[in-house]
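Computed from the coordinates by the stated procedures, all read-outs in this text should not be read as laboratory data. Bear in mind that the values here come from a model prediction, so they are computed numbers and not experimental data. Quick reminder, even Gly has a Cβ in these numbers, built from the backbone with ideal geometry, and neighbours come from all protein chains shown.
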Amino acid sequence: MDGEAVLDNGQNRAKTELLKTVSCRNCGTQIAAEAFVKNLKVCQHCDYHHYMNAYERLNLLIDGDSFEEYDAHLYSIDSLEFPEYPQKLERDIAKTGLRSEMLSGIAKIGGYPTAIAIGDVGFIGGTCGAVIGEKVTRCIERALENRLPLVIVSVSGGMRMQEGTLALMQMAKTAAACAVYAKNGVFYISVVTDPTFGGATASYTSLGDVIIAEPGARIGFAGPLAVASLREELPENFQKAESLLEHGFIDAIIHRADMRQMVTDLIAFAR
Ligand SMILES: [Zn+2]
């Protein structure tokens, strides 16, 4: 990794170790690591929004150190005795500093106390298992109990096959929690980032009062390879935020640099 930006393990891994340059995943331009981080991991040449981990997203959205984490003790177990699952969990706990694929709690955004949950694609691809379902559900219930606005930042590689039906039922559970929350007239902003696929898209991600995505984010149910196997040619911008906006699936595309202000404005508007 010499010559590239690398991430620390643990709570401080959001602090990128500044070495020399990073290579843009989209256009290949070499970018000074310091400028890359300063520009919120967005390529200054092609505007490609690179992956951010959960702690980086948290820092992007909330006021200072206002975050109080909840349910940090929840973690996945290998109930199906799926081959190599425990090793993968252990590996990604060490890699991300998270105990599960989602960080959740209460923080202030623009001065407004807000319930927040943020996924991390670095933890087994951000796939959705029992823990993410439980954390999302508890976050929604907490928001409702305290009449707080809710922000969920989605990133997901689909449902977690290593947890089988236990993972799949999280769609119904989180969707039911969203329905109760909506019925009570509180306000949910769904922020969708690249990539968000599978059960997340089919449940809580798509149930926001407002759904906003980052530019270029891939959002869908079945991934493009699965869909391509069913038809000869995929349309341009298939499953990209820009195409989904055109078709009314999302409400807005917001540049990463403007996301915090947009979320703050929406919360203020809904009060
Ligand atoms: Zn680029």
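For the pair GLU232/HIS255, report the inter-label distance in nm, with labels modelled 7 Å from Cα in the Cβ direction.
Those two pseudo-labels are separated by 4.0 nm.
Would you please give the FRET efficiency between PHE221 and ALA35, computed as 1/(1 + (r/R0)^6) with r the Cβ-Cβ distance and R0 = 41 Å, to the nearest 0.05?
So, using R0 = 41 Å, E works out to roughly 0.65.
Using Cβ counts within 10 Å as a stand-in for footprinting exposure, how do TYR75, TYR48, TYR85, TYR55 rank, fewest first?
Fewest to most other Cβ atoms nearby, the residues stand as TYR75, TYR48, TYR85, TYR55.
Give the Debye-formula value of log10 I(q)/I(0) at each listed q (0.10, 0.11 Å⁻¹), with one equal scatterer per alpha carbon of the chain, two decimals each.
At q = 0.10, 0.11 Å⁻¹ the computed log10 ratios are -0.49, -0.61.
Tell me the label-point distance for the pair ALA270, ASP63, using the 7 Å Cα-to-Cβ offset, in nm and rounded to one decimal.
Between ALA270 and ASP63, the simple spin-label model gives 1.8 nm.
Normalised by the residues of the chain, what does the relative contact order come to in percent, with Cα pairs under 8 Å and at least six apart?
14
Using the 10 angstrom Cβ neighbour count as an exposure proxy, how do VAL227, VAL42, VAL136 rank, fewest first?
VAL227, VAL42, VAL136
Using Cβ counts within 10 Å as a stand-in for footprinting exposure, how do TYR70, TYR188 rank, fewest first?
Placing the least packed residue first, the sequence is TYR70, TYR188.
DSSP loop (so not H, G, I, E, B), at most 14 other Cβ within 10 Å: list which GluC sites (Glu not before Pro) in the range 232-271 pass both filters.
GLU232, GLU233, GLU236
Rank by packing, highest mean first: peptides 115-125, 216-226, 94-104, with packing defined as the count of other Cβ atoms within 10 Å averaged across residues.
Ranking, from highest mean packing down: 115-125, 94-104, 216-226.
Among DSSP beta bridges lying fully in the chain, give the percent that are antiparallel, nearest 5.
45
Using only Cα atoms, locate the centre of the range 122-186 and the centre of the range 194-271, then give the distance between them in Å, rounded to an integer.
17
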